[in-house]
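The block underneath contains the structure these notes are about, expressed in structure tokens.
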Amino acid sequence: MARARPAAERVARAGAELADEIGFEQVTPSELARKLGIKTASLYSHVKNAHDLKTRIALLALEELADQASAAIAGRAGRDALRAFADTYRDYAFQHPGRFAAARFRLDADTAAASAGMRHSRMMRAILRGYELPELQETHAVRLLGSVFNGYVELEIAGGFSHSAPSSDQSWTEILDALDSLLRNWPDPS
């Protein structure tokens, strides 16, 4: 995707704010135009359509999350890096639920390849280097971590853990400890 015009970037940021308020799936050009106090037709001078708007919000969310995760893991390794990375995802999801949902919006292959999503993958692989996994196993480990982080946080945000003990914070810590142990003892594929 070509570099967005500054006005389109402002529209994407306003869309991201709206996503946090009403949910990413509910963001439409007409809803955003209403929030901005403009006519929907005026919005289309900055974005092509609803898919383009959602793509721009997704790209913004991926970039924000990558920036925060990068800052969190800087200078850390092993369990500390894993914990910082995971906590960044969890904190971002609670602070920006609509943007967190947007970060999982399906992008076309070219857009995905040029997005900050690649930074997320590189950061996870950098964390995994501290565990000395065989290179061929890294993709499996990246997918496992992404599944655990995203799945847990989605269930937590939906209130799935709010009616039982122990607290979700305690479970989160236990899960990260278990992931650390698994990564240190990754099964040999041979």
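The set of residues in region 107-162 that are farther than 22 Å from Ala178 by Cβ and of a type in the set (Val, Ile, Thr) contains only Thr111. Can you find a residue that is under 20 Å from the mean Cα position of the chain (by Cα) and under 18 Å from Ser121 (Cα atoms) anywhere in region 14-21? Looking for residues that are under 20 Å from the mean Cα position of the chain (by Cα) and under 18 Å from Ser121 (Cα atoms), one finds none in region 14-21, hence no.
Leu65 passes every criterion in (1) open to solvent by 70 Å² or more (accessible area, probe 1.4 Å); (2) closer than 25 Å to Arg90 by Cβ; (3) under 21 Å from the mean Cα position of the chain (by Cα) apart from (1).
Taking helices (runs of 4 or more DSSP H) as the structural unit, those lying wholly within region 57-123 and holding at least 3 residues that are in contact with a helix residue (DSSP H, G or I) (Cβ under 9 Å, 6 or more places away or on another chain) and closer than 18 Å to Gly23 by Cβ correspond to 78-95, 97-102. Comparison of Ala41, Ala19, Ala14, Ala50 shows that the only residue that is in contact (Cβ under 8 Å) with a residue 24 or more places away in the chain and either on the phi > 0 side of the Ramachandran plot or small (Gly, Ala, Ser) (or both) is Ala19.
Set side by side, the residues Ser45, Ser30 differ, and just one is farther than 14 Å from Ala102 by Cα, more than 18 Å from the chain's Cα centre (by Cα) and either among the aliphatic types (A, V, I, L, M) or not in a helix (DSSP H, G or I) (or both), which is Ser45.
Assess whether Arg13 counts as being of a type in the set (Lys, Arg) and within 30 Å of Asp177 (Cβ to Cβ). In short, no. Selection of region 132-178 for residues being open to solvent by 80 Å² or more (accessible area, probe 1.4 Å) and either in contact with a strand residue (DSSP E or B) (Cβ under 7 Å, 6 or more places away or on another chain) or hydrophobic (A, V, I, L, M, F, W, C) (or both) yields Leu136, Leu155, Ala158, Ala165.
The values are calculated or read from the model by the stated rules, or taken from the named source; none is laboratory data. Since the model is a prediction, treat every value here as computed from it, not as a measurement. All Cβ positions, even for glycine, are placed from backbone atoms using ideal geometry, and neighbour counts span all protein chains on display. Quick note on the areas: whole protein, heavy atoms, side chains included, nothing else; ligands and nucleic acids left out. Shrake-Rupley method; radii C 1.70, N 1.55, O 1.52, S 1.80 Å.
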